[in-house]
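The values are calculated or read from the model by the stated rules, or taken from the named source; none is laboratory data. The structure presented is a predicted model; accordingly, all values stated were derived computationally and were not measured. Cβ placement follows ideal geometry from the backbone for every residue including glycine, while neighbour counts extend to all protein chains displayed. For accessibility, only protein heavy atoms count, side chains too; no ligands or nucleic acids. Shrake-Rupley method; radii C 1.70, N 1.55, O 1.52, S 1.80 Å.
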Amino acid sequence: LATEYYMKGDYLRTAKYDKILLDKRIKDSRKEVISSKGYAQIGLAYQNLATNYAQMEDFESAEQYMIQGLRYMQKSGLKSREMRVISDLGTLYERQGKFNVAEKYYLQFKNRYFDDFESDSTLTAARIALNLGSVYVQREKYIKAHKYFRKAHSIRKRILGAENIETYKILGTIGNSFNIQRKFEEAKMVMDTAFRDAKFSPDSISIIQFQ
């Protein structure tokens, strides 16, 4: 039922059923020793509740549930699950304009997840690099922003290819960042590369320009 209501965009009812599920899992956990999977299930229930409240823009509740979810995921010992919550916390704070806190969680994710972020070739690394770049643009730390945007572009280019929309639209993001700084020549150079990679398709123009 929770999934059904979520797909319909009825986040209030989704939260209602997610709370029922959470209460049940916590109650069941009191009857026996909690396994790693049990901690993860409780953590996921908190995470789902946080997502619902974020959709309703009740960020205070979303933060509380997400932090609780992180605590249970840490107890589970499942690194990938824990890292997902850390990433979601970064996104949650970024949505609220709390860029310094978002940076903290994104960097925590990067430092704990990647042994060698410089040479990492996963799309997860590209996503985190892109998130960090966006945060630094908001904080007007453009040199750092471009450093991470370039990393994200390099990784996606290696995995997806230069002509993939998810790759060349990052160049649009970099170009717009230069425009914000009134560095129009640099912006044009980057945009020209983006259009060339996109094969100058009509659909690509608006995608690149409005990143």
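Per-structure values
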{"quantity": "Exclusive hit being at pLDDT 90 or above and farther than 21 Å from residue 25 by Cα, set 123, 132", "calculated": "132"}
{"quantity": "Selected residue (only one of 61, 80 is out of contact with any helix residue (DSSP H, G or I) (no Cβ under 8 Å at 6 or more places or on another chain), assigned to a helix (DSSP H, G or I) and surrounded by fewer than 21 Cβ atoms within 10 Å (Cβ to Cβ))", "calculated": "80"}
{"quantity": "Exclusive hit being aliphatic (A, V, I, L, M), in contact with a Lys or Arg (Cβ under 8 Å, 6 or more places away or on another chain) and over 18 Å from residue 107 (Cβ atoms), set 160, 123, 171, 132", "calculated": "123"}
{"quantity": "Check on residue 113, buried (at least 21 other Cβ atoms within 10 Å of the Cβ) and of a type in the set (Phe, Trp, Tyr)", "calculated": "no"}
{"quantity": "Number of the exception - residue 191 against (1) modelled with pLDDT under 85; (2) more than 24 Å from residue 122 (Cβ to Cβ); (3) surrounded by 16 or more Cβ atoms within 10 Å (Cβ to Cβ)", "calculated": "(1)"}
{"quantity": "Some residue of segment 160-178 being surrounded by fewer than 19 Cβ atoms within 10 Å (Cβ to Cβ), in a helix (DSSP H, G or I) and in contact with a Ser or Thr (Cβ under 8 Å, 6 or more places away or on another chain)", "calculated": "yes"}
{"quantity": "Failed item, numbered, when residue 97 is tested on (1) open to solvent by 80 Å² or more (accessible area, probe 1.4 Å); (2) outside any helix (DSSP H, G or I)", "calculated": "(1)"}
{"quantity": "Among the residues listed as 129, 145, 194, 125, the single one being more than 16 Å from the chain's Cα centre (by Cα), in a helix (DSSP H, G or I) and of a type outside the set (Lys, Arg)", "calculated": "194"}
